[in-house]
Amino acid sequence: MALGTSHEDMQRLLGKAGDIGEQFGYPDVVCYALNGAGLCLVDAGQDGMPEIEESLQLALATDLPESAGRAYSSLVEAATRLHRFPEADRYYAEGLAYCEGSELGVFSMCINGWRARELLFLGRWDEAAEICTQKLASPGISPVNQLNHLCVLGTIRGRRGEDGAWELLDRALEYAEGTGEPPWIAPARAARAELRWLEGKPDLAAAEATAGYDRGGRPARPVAARVAGQLVGATRRAGRPARPAGAGRAGGRR
């Protein structure tokens, strides 16, 4: 979603795009609009998976591999973010097989990034770390497609007290800030705040967590609330107020 665009406005724009695509016979446009609408709902803490699934089925029916790869990636992302892990497992298996068979390397990388996030949530650290290490060693990965891998691997190394955690999380913050998007910046800051707390540095942990809020400003989309739990947890552990200034303005579920 474009910065400065409200959730409701984006849904209207995507709806119009989908209507135009249907009217003029452009299924790829319809797929893109449905996929975006689903993720927009997930950003708001709602169930956007039916829209993304519809995008996938249309892409498969009309032989649009790129649209199908995007939908598979979005389904793994959505299921992981909504903590619907059995569905995330299913879409991961289906999507990775499809993307690798169709030589859709970018979407394979995205799918693996969200798989690593899921495994981190489930406490399967060894598997998550293996995925991240393999993918980060691959050549030609764009910065945004490294972000999940960097944050997950940095978090695991930090929790285990292993070397290299800060190198990974420094890169994650650099790349996240480069996107200018709160959905990437806030998780990077949350991971860094947790590591500061684990190091026994509550003041620095609080500074990282507060920066995660401040960088988002007054969020244009409710996605800020999705990571609020991480940042609030970090500030609580750091012995600071759980709601930095402006935090309460982020709507939606955590």
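The values are calculated or read from the model by the stated rules, or taken from the named source; none is laboratory data. For clarity, every value in this text was computed on a predicted model and none was experimentally measured. We place every Cβ from the backbone using ideal geometry, glycine too, and count neighbours over all the protein chains shown.
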remark   = Going through the range 114-135 in order, the residues found to be assigned to a helix (DSSP H, G or I) and more than 17 Å from the chain's Cα centre (by Cα) are TRP125, ASP126, GLU127, ALA129, GLU130, THR133, GLN134
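What are the residues in the range 68-118 that are of a type in the set (Phe, Trp, Tyr), farther than 24 Å from PRO27 by Cβ and surrounded by fewer than 24 Cβ atoms within 10 Å (Cβ to Cβ), if any?
If we filter the range 68-118 for residues that are of a type in the set (Phe, Trp, Tyr), which is where we start, we get 72, 85, 91-92, 98, 107, 114.
Within this subset, residues satisfying the condition of being farther than 24 Å from PRO27 by Cβ are 85, 92, 114.
Once the filter is applied, which keeps residues that are of a type in the set (Phe, Trp, Tyr), farther than 24 Å from PRO27 by Cβ and surrounded by fewer than 24 Cβ atoms within 10 Å (Cβ to Cβ), the range 68-118 yields PHE85, TYR92.
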key: All helices (runs of 4 or more DSSP H) inside the range 146-248 with 1 or more residues being at pLDDT 85 or above and farther than 30 Å from ASP9 by Cβ   = 165-179, 182-198, 202-216
inquiry  = Among the numbered criteria (1) more than 16 Å from the chain's Cα centre (by Cα); (2) within 26 Å of GLU194 (Cβ to Cβ), which one does ASN145 miss?
reply    = (1)
message = Anything in the range 136-145 that is loosely packed, with under 14 Cβ neighbours inside 10 Å and either aliphatic (A, V, I, L, M) or assigned to a helix (DSSP H, G or I) (or both)? List them, or say none.
response = ALA137
query = For GLU22, are the conditions met, namely being among the charged types (D, E, K, R), within 21 Å of TYR98 (Cα to Cα) and assigned by TED's automatic domain parsing to the domain that holds TYR72?
reply = no
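Considering each of ARG160, ARG189, ARG171 in turn, give the residue that is exposed (fewer than 14 other Cβ atoms within 10 Å of the Cβ) and either polar (S, T, N, Q) or farther than 21 Å from ALA93 by Cα (or both).
Numbers: ARG189 fails: exposed (fewer than 14 other Cβ atoms within 10 Å of the Cβ); ARG171 fails: exposed (fewer than 14 other Cβ atoms within 10 Å of the Cβ).
The match here is ARG160.
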